[in-house]
2 protein chains.
Amino acid sequence: MAEPRGSRRPTTIVDIARAAGVSKSTVSLVLKASPLIKAETRERVERAIEQLGYVYNRGAASLRTASTSFVGMIISDLMNPFFAELAVGIEDAIYKLGYVPILANTNEDAERQANVLKTMREYGVAGIIMSPARGTTAWSLAEFAGVTMPMVITMRRVEGSELSYVGPDNRSGAREAVEHLIRLGHRDIAFLGGFATMTTQRERISGYRDAMAHAGLRHDDELVFESMPTRAGGREAVEASLKSARRPTAYICYNDIVAIGASHALAERGIVVGKDVGVVGFDDIAEAQHNAPPLTTVDAHTKALGAYAANVLMAQINGTSPGFVEYFGSTKLVIRQSCGASHVPVRERISA
Amino acid sequence: MAEPRGSRRPTTIVDIARAAGVSKSTVSLVLKASPLIKAETRERVERAIEQLGYVYNRGAASLRTASTSFVGMIISDLMNPFFAELAVGIEDAIYKLGYVPILANTNEDAERQANVLKTMREYGVAGIIMSPARGTTAWSLAEFAGVTMPMVITMRRVEGSELSYVGPDNRSGAREAVEHLIRLGHRDIAFLGGFATMTTQRERISGYRDAMAHAGLRHDDELVFESMPTRAGGREAVEASLKSARRPTAYICYNDIVAIGASHALAERGIVVGKDVGVVGFDDIAEAQHNAPPLTTVDAHTKALGAYAANVLMAQINGTSPGFVEYFGSTKLVIRQSCGASHVPVRERISA
DNA sequence: CTGAAAGCGCTTACAG
DNA sequence: CTGAAAGCGCTTACAG
């Protein structure tokens, strides 16, 4: 690689040392704000740094200390607003902790994920936070896990792995949402979106079933309509549900984008969401409150979870971690208009 | 920082050299796939690498060659789906070019941007791609620009800077969209969203005015309703427009999220978008086609633009660049239902 | 085709 | 309180 045009040898601590009339050890010490250095000396060095436009070479320091301040941030799908929000939460926390994030968007590609994991290791990242691509196996992570490189998994569990995990409490979040629908008078409630191969879907479905079973309501497989966890998937899933013998009066969706896709498909058929039918999502992405009608959903506290994952990783890097941690963040039901709560009397819905 | 638990000194090229019975120079050469090395020797070295589980230390190599493969990727607002898509385009291209992205989301904070720029320089990034935070001045970038560090600005121009720029042709994109609205019979067309302090808004407005002026239509300041470039801003802007003496029959919006916010606000008032009124956006984010009704918009080819910016940066890093480049990507009008094109006869609209 | 040597820019005991 | 020395893991002319 060519040197930047016009630049000669960059200035280093020895240049500073010479200019300030001290040794490079002393310069290094002032750079670390060591209390050992006399104020007068420190100022002299700082002046030289200023005058020569010195820029600290962190790469050199890393080689010497055999440690870097990089953390790998591997996101399964950055185009998905939920994961974009997660990324923002992680990124912000990483900087605050004095680290710097190397990004990789795997786009759900396990092979790309494997490559990126190897590359990050070569760059000497201090640790990795990863929302695993769909289909990631514990086996494929074993090479990197634990001893080799601190790592925390977030948002999607990988079964059988012994890596720390941070994510929302999907089961209780879904249960609470469905209980709300039941309280509103709904009896035929379907689950929309995702596939049973996804741990997150299974967790949310079990919350749904908890609530239905507890209320003595039907909750068999015919009430779950699987689809891709996307807006288009949401459309397809509702459309399938509309063809069923007993049409649901409400839907709990795998996530917000499924719910949004579903509500639009419903609207196009003249079915008024929040009145003719209830729809609730999961995640509370920014878009949810701006949907028409505003979406009732389960707030996963996505950003905070990202920040939490960063802190768990730090504990692991610093060796202050209890080793293996699993954290299931509490969720919060956010009632807006799509479930009909705000302007539909319960009575109407019971007869639905 | 503590060493990872349980690990001792990591294996280096000298370990490999010893195991393979060669010098470390030879090991280095096989790592670079040098043709100088005899096949038999290469295999022996590769076997040792495999057996000892050697991992290449890129940091050390960087120190030696005084160059890294990092590129800084500074995004003004990753929560905005438009910029998330840009980030995905850049990230993908960076990896393909053999580089690795360090991410920073400035969240429109110029101070954070300044910090991040300094930090990235200390990490020795080979270059930077940045969508500048609102309010970024050429002055604030001067310290980093050009000689110090290759840098390309994307999506938002910073006036007075001499940095390379890559973005969509906002003016012609907006003009084309408005021409389409005029062809549909609209006469009172308002511009919604953004502020005149944003170069992008000014460029899009000038395209709007070009089209209006050419058709001999009114296009004064009273037809532009400024707001934050967000969904909430879109709501506010349409609401303001609804209070004006002569209500517009169509809207060209600063971007898609403004258009989406506006269409939802309209829908809530019983105004049917695509029938009672036309709405067109700009960007073509993923959400646009899933809006209700699907949004007519201007495709900015966001991902491709991100990839292009990465390539411009590479040329600069490798010194093969013509120095300063400005690229205005062509746009494409995507006609869906929000403008009324697909199912509203022109006649109805003229009388509106 | 391969090896010995120098050096990239730092940090960190160790002396003094 | 400050300096001299060693060394982190590579690459790259230069010899041979």
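Taken together, the values in this text are just the output of simple stated rules run on the coordinates, not laboratory data. What you are looking at is a predicted structure, and each value in this text was computed from that prediction instead of being measured. With ideal geometry, Cβ positions are generated from the backbone for all residues, glycine too; neighbour counts draw on all protein chains shown.
Quick notes on this structure:
- When chain A is treated as a Gaussian network with alpha carbon springs shorter than 10 Å, the biggest mean-square fluctuation among A:Ile90, A:Ile102, A:Ile75 belongs to A:Ile102.
- Between the stretch B:216-237 and the stretch B:156-185, the alpha-carbon center distance in angstrom: 16
- Within the shell defined by Cβ-Cβ distances under 13 Å, the residues around B:Val298 carry a net charge of -3, with Lys and Arg each +1 and Asp and Glu each -1.
- Unit Cα scatterers, Debye sum, the stretch B:39-159: log10 I(q)/I(0) for q = 0.17, 0.23 Å⁻¹: -0.85, -1.36
- Take the Kirkwood radius over Cα pairs of the protein assembly as shown, plug it into Stokes-Einstein at 4 °C and 1.567 mPa s, and you get 47 µm²/s for translational diffusion.
- Relative contact order (%) - criterion: Cα under 8 Å, at least six apart; region: the stretch B:210-309: 21
- For the stretch B:216-255, the alpha carbon positions stretch 30, 19, 16 Å along the principal axes, listed from largest to smallest.
- Dividing the summed -39500 (n - 2.57) terms of all DSSP H runs of n ≥ 4 by the residue count of chain A sets its mean residue ellipticity at 222 nm at -13000 deg cm²/dmol.
- The alpha carbons of the stretch B:39-108 give a radius of gyration and a Dmax of 18.0, 56 Å, in that order.
- Under the simplified labelling scheme, the A:Arg202-B:Asn311 pair shows an inter-label distance of 4.5 nm, with each label point 7 Å from Cα along Cα→Cβ.
- Helix A:170-183 axis versus longest C-alpha principal axis of chain A: approximately 30°, rounded to the nearest ten.
- Value of Rg to Rh for the stretch A:82-225 (Rh from inverse mean 1/r over Cα pairs, i.e. Kirkwood): 1.07
- Within straight-line reach of A:Lys38, meaning a Cα separation under 19 Å, sit the following lysines at least 8 residues removed in sequence or on another chain: A:Lys24.
- Acute angle (nearest 10 degrees) that the helix A:231-242 long axis makes with the longest principal axis of chain A, alpha-carbon atoms: 20
- Placing a label point 7 Å from the Cα of B:Arg218 along the Cα-to-Cβ direction, the residues of the stretch B:247-275 with a backbone N closer than 18 Å are B:247-252.
- Angstrom value of the Kirkwood radius, inverse mean 1/r, which spans all Cα pairs in the stretch A:214-346: 16.3
- Pairs beyond 23 Å (Cα-Cα), from B:Lys118/B:Lys303; A:Lys303/A:Lys332; A:Lys32/A:Lys96: B:Lys118/B:Lys303
- Partner shielding of A:57-69 amounts to 5, given as the average count of beta-carbon atoms from other chains within 10 Å of each residue beta-carbon.
- Simple point charges give the picture: +1 on the Cβ of Lys and Arg, -1 on the Cβ of Asp and Glu, and for chain A a dipole about the Cα centre of about 840 debye.
- Sorted into 5 angstrom bins from 0, the C-alpha pair distances of the stretch A:71-132 split as 4, 20, 31, 24, 17, 5, 0 percent.
- Pair B:Leu31, A:Asp188: separation of 7 Å Cα→Cβ label points (nm): 6.7
- Averaged over the residues of B:110-121, the number of partner chain Cβ atoms lying within 10 Å of the residue Cβ comes to 1.
- One equal scatterer on each Cα of chain A, no solvent, Debye formula: the resulting log10 I(q)/I(0) at q = 0.10, 0.14, 0.16 Å⁻¹ is -0.69, -1.06, -1.26.
- Rounded tilt (10° steps) of B:81-96 against the dominant C-alpha axis of chain B: 30
- Pairwise FRET efficiency - B:Gln51 versus A:Ala267, Cβ, R0 = 51 Å, nearest 0.05: 0.25
- Within-12-Å neighbourhood charge of A:Arg231 [Cβ basis; K, R +1; D, E -1]: -3
- With its label point defined 7 Å out from Cα along the Cα-to-Cβ axis, B:Glu326 lies at 5.9 nm from the matching points of the other copies, in increasing order.
- Using a 7 Å projection from Cα along Cα-to-Cβ, the label point at A:Thr65 is separated from the same position in the remaining copies by 2.5 nm, smallest value first.
- Here A:Arg47 yields copy-to-copy label distances, from shortest upward, of 6.4 nm, the label point defined as 7 Å from Cα along Cα to C-beta.
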